[in-house]
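A.B. asks: Pasting a structure below so you can have a look.
Please treat every number below as a calculation from the coordinates, not as lab data. Just so it is clear, the model here is predicted, and its values are computed rather than measured. Methodologically, a virtual Cβ is constructed for each residue, glycine included, from the backbone with ideal geometry; neighbour enumeration extends over all protein chains shown.
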């Protein structure tokens, strides 16, 4: 099973999200083509109500502990309550360009 699919399944089961986007951003980094090592997760869930940002991230990291211990090198998280998501107009922040790891030189 692909890493992205595993992440999607675990987060769907653990968070019951209203919105879930798992974006493979590995191509933005100096890794071999087809890699699944860098991901962005955008999750909107009632599970985040009354939780601070760190607690939300810990919850997601706990669900993905096996992936973070193995194939996933970097995980960008944007975790919102449904109310926060509506207030943002259903938009999430774009990822910055990778600044390191270049083999050029």
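A.B. asks: Order 46-52, 86-92 from most to least packed using the mean count of other Cβ atoms within 10 Å. Provide the component values of the computation, followed by the final result.
C.D. replies: Numbers: 46-52: 13.6, 86-92: 10.9.
Top to bottom by mean Cβ count within 10 Å: 46-52, 86-92.
A.B. asks: Per residue and in cubic angstrom, what volume does the convex hull of the Cα atoms of segment 3-87 have?
C.D. replies: Numbers: hull volume 7.6 nm³, N = 85.
Per-residue hull volume (Cα only) is 89 Å³.
A.B. asks: Once the Cβ-Cβ distance between residue 4 and residue 84 is put in as r, and R0 is 25 Å, what FRET efficiency do you end up with, to the nearest 0.05?
C.D. replies: 0.55
A.B. asks: State, to one decimal in nm, how far the label point of residue 18 lies from the label point of residue 69, with both points 7 Å from Cα in the Cβ direction.
C.D. replies: Going by the 7 Å Cα→Cβ label model, 3.4 nm.
A.B. asks: Take peptides 2-10, 73-81 and line them up by average Cβ neighbours within 10 Å, highest first, as a rough protection proxy.
C.D. replies: Output ranking for 2-10, 73-81: 73-81, 2-10.
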